[in-house]
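Since every read-out is calculated from the coordinates, none of them should be taken as a lab result. Just so we're clear, the structure is a prediction, and the values are computed from it rather than from any experiment. Cβ sites come from the backbone with ideal geometry, for glycine too, and all protein chains shown count toward neighbours.
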Amino acid sequence: MTITAPSPGRSRWPDVDSVPGGPVAALSARAASALLRRAARSLPMRLHYPDGTVVGAADPTLPTLVLHHPDRLARRVGRHGLIGFGESYMAGEWTAEDLVGVLTTLAGALPELVPAPLQWLRPIVLAGQPDSHRNTRAQARRNISAHYDLSNALFAEFLDETMTYSSALFDSLPATADGLAAAQRRKIDRLLDSAGVTAGCRVLEIGTGWGELALRAAARGAHVTTVTLSAEQQQLARQRVAAAGLTDRVEVQLLDYRDVTGRFDAVVSVEMVEAIGYRNWPDYFQALDRLVAPGGRVAIQTITMPHDRMLASRNTYTWIQKYIFPGGLLPSPEAIFDITERRTGLRTVDMFSLRPHYAETLRLWRENFMRRRNAVSALGFDGTFQRMWELYLAYSEAGFRSGYLDVYQWTFARSGGNR
């Protein structure tokens, strides 16, 4: 297996050097500064200012947000909301020794902390969704490439030997780094069991990743078709399949799930629906329904968010969408139930939450990433990029630790005859 390094150009990296200016930014900065202080006084956290002033909880062991450039942070937050909050971290304007602790404390609390008189400012100061949220076939490929084609070598620095980029399933918690690979295989095996994958099965995987699930399904004697929109992932997955001597059982295609044809005994998809945007959720589940053979099973793994927050955020533009997963949105369990019940013949037969396991998976990835910073720099990824990814991993971990996010292995069977 060969993992080649990228040849990144400086223009690929996020540019967060400029700070919003003008009267609107100044006005909104005052509101943002007051909001931050309000949060610190209301929550178990602290703000530490450059002059030594501390706002918030008296206990110095509680999560502390250290403000190096409070005025710049306030301008960014006031003008761009949570996107500005993230960009300020990327620019080094604030730090936190316990970054996950700060983000866990803030998770889900900021909407309630914004006073009603300030709510009217949101449509004035916050950006709307860009065209990238419309996942046409061409745009979907660009969105996937923006994240997954960054560099196989980058992902190899913090993932385990299985190159699996989704929640693991540990045998006990808290987890240890030396148990991560086994936990990823345990997660995959449980999903394959739920889908009824055995020798001779025809299996479709939507979202290849770097091929570990396809390899494990083929090792059971199944015949696997796996599709991805990432050229980098396809290349490495094919290498791994060839190295395992399983090219007669695994076909890795660069193909949109909407263009897959045929019928399969089992259809599996791990953390894929989150990437396609809410407008395409019905198409996705209808494709699963169309592609599974009579008597077959569909098993997916999906991250979810609360339904009210999904409804509130489906038309907004977030930091994660701008910098990490363009065009994506997390579904709610209610949305999945509604779509499958009303638009497909798929019916839920099992749901299994891995929420605490994802928090631990993300912690291990983040710790690996931080340990490997020199190697990441050698690949051409600069400090701004590294802070961006540290924040992304910590932000995601905080979502699961706070209970704001969940993740399910979700199994469906078809109801009645084929449509």
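Which ³J(HN,Hα) values, rounded to whole Hz and listed in residue order, are derived for segment 356-371 from phi using the Karplus coefficients 6.51, -1.76 and 1.60 in 6.51 cos²θ - 1.76 cosθ + 1.60 with θ = phi - 60°, glycine and proline given as x?
After applying 6.51 cos²θ - 1.76 cosθ + 1.60, I find x, 6, 6, 4, 5, 4, 5, 4, 5, 4, 5, 5, 4, 4, 5, 5 Hz.
So what is the calculated 222 nm ellipticity per residue for the chain, using -39500 (n - 2.57) for each DSSP H run with n of 4 or more, over all residues, to the nearest 500 deg cm²/dmol?
-13500 deg cm²/dmol
With +1 on the Cβ of every Lys and Arg and -1 on the Cβ of every Asp and Glu, and nothing else charged, how large is the dipole of the chain about its Cα centre, in debye rounded to the nearest 20?
Around 800 debye, computed over the chain.
Which order results if Glu93, Glu271, Glu251 are arranged by neighbouring Cβ count within 10 Å, fewest first?
Ordered by Cβ neighbours within 10 Å, fewest first: Glu251, Glu271, Glu93.
Compute the distance from the alpha-carbon center of segment 360-419 to that of segment 133-193, in whole Å.
Using only Cα atoms, the two centres lie 8 Å from each other.
Would you work out if segment 210-249 is rounded, prolate or oblate? Take a ≥ b ≥ c from the square roots of the eigenvalues of the alpha-carbon gyration tensor; rounded if a/c is under 1.5, else prolate when a/b is larger than b/c, oblate otherwise.
Prolate, since a/c reaches 1.5 and a/b exceeds b/c.
Report, to the nearest 10°, how far helix 333-343 tilts away from the longest principal axis of the Cα atoms in the chain, using its own Cα long axis and a range of 0 to 90°.
Approximately 40 degrees, to the nearest 10.
In whole Å, largest first, what are the principal axis extents of the Cα atoms in the chain?
Projected onto the principal axes, the Cα atoms of the chain cover 68, 47, 41 Å.
Suppose every K and R has +1 on its Cβ and every D and E has -1 on its Cβ; what is the size of the dipole of segment 137-229 about the Cα centre, in Debye to the nearest 20?
Value, rounded to 20: 480 debye.
Grab the Cα-Cα distance for Arg38 and Gln253, subtract it from 0.36 nm times how many residues apart they are, and report the gain in nm with one decimal.
Working it through step by step, the gained length comes to 72.2 nm.
Given Cα pairs under 8 Å that are at least 6 residues apart, what percent is the relative contact order of segment 33-85?
Relative contact order comes out at 27 percent.
Restricting to Cα pairs below 8 Å that are 6+ residues apart, what does the relative contact order work out to for the chain? Please round to a whole percent.
So the answer I get is 19 percent.
Residue by residue, what Karplus-based ³J(HN,Hα) values in Hz, rounded to whole numbers, does segment 176-186 have, using 6.51, -1.76 and 1.60 with θ = phi - 60° and x for Gly and Pro?
Whole-Hz 3J(HN,Hα) from phi for segment 176-186: 10, 4, 6, x, 5, 4, 5, 5, 5, 5, 5.
Would you be so kind as to identify which of Leu391, Val270, His357 lies farthest towards the positive end of the dipole of segment 133-414, taking Lys and Arg as +1 and Asp and Glu as -1 on Cβ and the Cα centre as origin?
Value computed over the given set: Val270.
In whole Hz, with x marking every Gly and Pro, tabulate ³J(HN,Hα) for segment 237-252 from phi via Karplus 6.51 cos²θ - 1.76 cosθ + 1.60, θ = phi - 60°.
4, 4, 4, 5, 4, 5, 5, 7, x, 10, 5, 7, 10, 10, 10, 9
Please check which bits of segment 257-277 a label hung off Ala413 would reach, taking the label as a point 7 Å along Cα-to-C-beta and the cut-off as backbone N under 17 Å.
The answer is 265-267, whose backbone nitrogens lie closer than 17 Å to the label point.
Of His69, Thr344, Val407, whose Cα points farthest to the positive end of the dipole of the chain (charges on the beta-carbon: +1 Lys, Arg; -1 Asp, Glu; origin at the Cα centre)?
Of the candidates, Thr344 comes out farthest on the positive side.
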